Amino acid sequence: MENALVTAATGRTLPELSRQELTEYALPGGDRQGKLAGEGEVRSPAIQHESVAYFERRGLLAGREVVTVVRNPFERALSQLFYLLRLLPEARTLFTGPSWADDLKRLAAFDGLLGHDLGACQVDWLKDGAGEVRVDRVLRFESLEEDFASLCADWGIRAELPHEMDSGRKFPWWQYYDEEARRMMAEKYGRDFEEFGYESGMPATGADEGLEERHHDLGKDRGFRESGRLMVPDGSLESLSAEGVWERFRPLQTILLAKDCRRALKPGGVLEVVTPDLAALGGLEDDPEFVHGYLVRHVPDAHCEAAGYVVNDLIADCRFVYDEGLLVETLAEGGFTAFERIEKPGWLVVRAC
């Protein structure tokens with residue numbers, strides 16, 4: 001939102017502003033000035049996430065309207081958890097599952113500084129030096145586009161609100177919580193529920209009708225690529241595909257991955273793994289038809305139809321190449337009990353449930 005408003009106010013984008021201008025308006029890239037936090041204040045390592053009290057100490061509030069965006073605390077906590085797992089390796093040693101509800105309980109019990117002040121309510125960021133809430137306008141994340149348009153209309157400006165950093169999450173927040181996690185989070189962020197009028201209970205039965213994702217492609221999951229965790233609720237999927245995934249991990253890691261896939265699948269749900277076949281790589285010399293077809297599709301600049309081109313292309317991004325026995329073993333260790341081999345020349349394709 002700050003990008004859109006800066007452009008509307010100055011006719012320039014954030015990268016075009018000088019360091020002095022960024023500092024003057026406490027924008028990303030500016031120099032931090034003054035204490036990180038006063039006694040009892042919330043803390044942040046980044047200026048753009050600072051509190052009203054910080055901006056007050058900087059003398060930036062006089063004559064200005066304070067606008068904030070708030071979010072359903074349950075949604076915010078889940079988004080915060082995913083953010084920490086994607087970007088902070090140390091978070092992956094704290095939030096270890098096995099279920100998302102378990103990690104949400106850990107987050108609810110954690111009050112320290114890990115990227116941000118995880119003990120703070122949203123309302124804490126809006127208090128001035130006297131401890132009073134100092135905000136003139138509250139926008140809701142759930143209706144941000146409409147609220148932002150209303151703000152711009154009232155201010156008499158035109159600004160486009162970009163949609164950036166979309167997590168791609170397709171499931172509603174309540175599918176990640178159990179009752180204990182909900183209770184703990186409602187207690188931790190109780191002042192936010194009271195101040196901003198959010199409901200602190202679970203939605204009525206049937207609220208998630210039509211919201212379910214039945215199939216998930218692990219190879220296209222950005223959250224998984226960044227965190228190594230499958231960011232879907234427990235028991236929510238009918239099927240999972242994992243093409244180009246298993247070979248990026250060594251066996252002990254794929255056992256953990258298989259457990260995470262088993263957690264995400266409904267009873268009877270199917271995981272299909274597609275990965276280069278170690279047993280087939282040595283026999284490519286005897287399969288010129290496969291070599292020809294593969295090179296045409298994947299290595300068109302090969303100067304001759306040699307099996308070596310195929311082997312090196314297949315394993316270029318591999319950390320480990322599996323044979324059928326070892327792949328099935330990792331799946332079995334992860335909790336799968338039935339396996340079916342699907343024939344595909346050069347590839348190891350196994351469906352597990």
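How about segment 115-148: which of its residues are in a helix (DSSP H, G or I) and within 17 Å of GLU65 (Cβ to Cβ)?
TRP125, LEU126, ASP147, PHE148
Scan segment 223-244 and give yes if some residue there is β-branched (Val, Ile, Thr) and more than 15 Å from VAL350 (Cβ to Cβ), otherwise no.
Within segment 223-244, one or more residues are β-branched (Val, Ile, Thr) and more than 15 Å from VAL350 (Cβ to Cβ).
Of all residues in segment 143-154, count the ones that are among the acidic types (Asp, Glu) and surrounded by 13 or more Cβ atoms within 10 Å (Cβ to Cβ).
Going through segment 143-154 one residue at a time, the tally reaches 1.
Given the conditions (1) loosely packed, with under 15 Cβ neighbours inside 10 Å; (2) under 30 Å from the mean Cα position of the chain (by Cα); (3) hydrophobic (A, V, I, L, M, F, W, C), which single one is not true for VAL349?
With respect to (1) loosely packed, with under 15 Cβ neighbours inside 10 Å; (2) under 30 Å from the mean Cα position of the chain (by Cα); (3) hydrophobic (A, V, I, L, M, F, W, C), VAL349 is out only on (1).
Looking at ARG262, ARG250, which is the one that is surrounded by fewer than 16 Cβ atoms within 10 Å (Cβ to Cβ) and either under 29 Å from THR96 (Cβ atoms) or within 30 Å of the chain's Cα centre (by Cα) (or both)?
Going through ARG262, ARG250 in turn, just one is surrounded by fewer than 16 Cβ atoms within 10 Å (Cβ to Cβ) and either under 29 Å from THR96 (Cβ atoms) or within 30 Å of the chain's Cα centre (by Cα) (or both): ARG250.
Pick from GLU324, GLU343, GLU305: which is of a type outside the set (A, V, I, L, M, F, W, C) and touching a helix residue (DSSP H, G or I) at 6+ places or on another chain (Cβ under 6 Å)?
It is GLU305.
Only one of (1) surrounded by 13 or more Cβ atoms within 10 Å (Cβ to Cβ); (2) within 19 Å of ASP217 (Cβ to Cβ) is not met by ASP317, so which one is it?
Unmet condition: (1).
Consider GLY335 against the criteria (1) without any contact (Cβ under 8 Å) to a residue 60 or more places away in the chain; (2) within 16 Å of LEU240 (Cα to Cα): it satisfies all of them except one. Which criterion is unmet?
That leaves (1) as the condition not met.
Just the residues that are at pLDDT 95 or above and buried (at least 18 other Cβ atoms within 10 Å of the Cβ), please, taken from segment 323-346.
LEU327, VAL328, THR330, LEU331, GLY334, PHE336
Checking GLU226 against (1) touching a Lys or Arg at 6+ places or on another chain (Cβ under 6 Å); (2) in contact (Cβ under 8 Å) with a residue 40 or more places away in the chain; (3) assigned to a strand (DSSP E or B), which single condition isn't satisfied?
With respect to (1) touching a Lys or Arg at 6+ places or on another chain (Cβ under 6 Å); (2) in contact (Cβ under 8 Å) with a residue 40 or more places away in the chain; (3) assigned to a strand (DSSP E or B), GLU226 is out only on (3).
The values are calculated or read from the model by the stated rules, or taken from the named source; none is laboratory data. All values derive from a computational prediction rather than experimental measurement. Reconstructed Cβ throughout: ideal geometry from the backbone, glycine too, with neighbour counts over all protein chains shown.
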